1. Please order A:Thr237, A:Thr56 by the number of other Cβ within 10 Å, starting at the fewest.
2. Could you work out [θ]222 nm for chain A from helices alone, using -39500 (n - 2.57) per DSSP H run of at least four and dividing by all its residues? Round to the nearest 500 deg cm²/dmol.
3. Once you've got the GNM for chain A with C-alpha springs shorter than 10 Å, pick whichever of A:Ser197, A:Ser28, A:Ser72 has the biggest mean-square fluctuation.
4. In a GNM of chain B with a 10 Å cut-off on Cα contacts, which of B:Leu161, B:Leu41, B:Leu92 has the highest mean-square fluctuation?
5. Return the sequence-ordered ³J(HN,Hα) values of the stretch B:83-88 in whole Hz as given by the Karplus equation 6.51 cos²θ - 1.76 cosθ + 1.60 applied to θ = phi - 60°, using x for Gly and Pro.
6. When you look at the Cβ of every residue in A:17-28, what mean number of other chain Cβ atoms sits within 10 Å?
7. Using the Cα centre of the stretch B:72-213 as the reference point, and only Cβ charges (+1 on K/R, -1 on D/E), how large is the resulting charge dipole? Debye, rounded to the nearest 20.
8. Could you run the Karplus curve 6.51 cos²θ - 1.76 cosθ + 1.60 with θ = phi - 60° over the stretch B:61-70 and give me ³J(HN,Hα) per residue in whole Hz, x for Gly and Pro?
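None of the figures in this text is laboratory data; all of them are computed from the coordinates on show. Small disclaimer: the values here were computed from a predicted structure and weren't measured. Every residue, glycine among them, receives a Cβ derived from its backbone with ideal geometry; neighbour counts consider all protein chains shown.
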Amino acid sequence: MKVDQAKCVGCGRCRAYCTMGAIDFVASGRGRVCAEVDQYECVDCGVCFRAEVCPTDALYEPAPEWPRSVRSTFSNPLVEHKETRIPGRGTEEMKTNDVTGRFKCGEAGMAVEMGRPSTGARFHDIEKVAMAIAALGNITFEPKNPITGLMVDKTTGRMNPEVLDEKVLSAIIEMTVPLERIPAIIEAVRQVTKEISTVCSFDLTCKVHPGESQEQRLPAFELARRAGVRLTDNGKTNIGLGRPLFVEGGISK
Amino acid sequence: MSHTLHRRGTPENLKNDYVIFAMSAKGMNEIGSNEKLQQFLEIMQRFEPVNLGDMKTGNRFIKPDETIVANTRDTSIVHGVFDDREKVIKALAALKEADLGVSVIISGLFDDVHDCCREAGVEPHTCEKSLGIWGRTERLPDEEIMQITTMCGHGMVAFNLVRKMIEDIKTGRCTVKEAAEELAKPCQCGVFNPGRAEALLEEIICLWGVHVA
């Protein structure tokens, strides 16, 4: 996002809407105070523009060139990724699992959303976490996730070097793993997040398994608890109304 | 993306905060699903949601409900937010009855949501939980601010906007309700719960001082 300083009257209304706190005020060449967007910190999310608070329409977003273009594709939920055709920065993940069967019994979905909440992440930190997970060996990152599309080596998690210094509001490293790998991945994330300069939100998905007890029905959550993680009290539940329902060989609910 | 997961809060203030949403699966049941998603929104409307939205069009604080409903597309993700348990149960039962064939997801306090599902006659198929925030957590603002901003999972509600709204309330420039609705506007999908924001702001303004330049 940029500010047309010839139009800006320095009223400051846009400042609070900036998700990255990247709008500041500077003396313009003509002795006036004008808004200025720190281009290194701005993630091109478009919130300040869409808020329609600028009385002189001074905010504008030039068409971004590569590699800056990754900022808006990951940060502005109105921009649809060509890989997923989903607006936003992730995939359908568990939302359509009743139809796609992406996560089956004996598996878990794990996702590390870098930069969330509202801190933002640069790709060098995203790469650090992806590589730490990949170093465990035999990790398949979700092929439809746009982050995976930016990896030049999907076995090591190495990202395209051209994007490493780009900053996005958040980006999700996503994978499906056998249940028994959950503790090792949690430990890898625990260690590598000591070395990053931002935050991430970590989540875990599990198909409801056959069984009576909570531990039998949602074994991934029990494994995470045993790995020393406190799961939140709230969560997300797909209620299986999608059709055609994915039928897993013999053990689908 | 998990845009309704990772909402921060206490079990007490997350009570009565439910998001029900729907989407079709790309390449599976996508074609023609816009009509089903439209019907989903119409069902939501029957049970008086506190917010309604489609990521493609916007939420009810920036677009009329009729526009949101009329503009659904096959790739839409459509949402209704509720603050009343009984309405949630009725909405879930109505969705089961309608048998739209699109995937339906509900977010909220896990055990309570599963009780609601049981009462509505629907069964959990797949579940997702947050393992919390990791990394440089010292960069985060106060927990009270995050409880408001994380209601928009895409991070469209800026920490500084909450601070500004607190300042505006304290200096009489707006009411708590007006501030909550202003905070709901940037959350394009309409998953932000303005009633919960209002309650959280009421708590914050009792505790926070304010600096007016």
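1. Fewest-to-most ranking of A:Thr237, A:Thr56: A:Thr56, A:Thr237.
2. -5000 deg cm²/dmol
3. A:Ser28
4. B:Leu161
5. 10, 9, 4, 5, 5, 5
6. The per-residue average across the peptide is 3.
7. 440
8. 8, 10, 9, x, 3, 4, 5, 4, 5, 5
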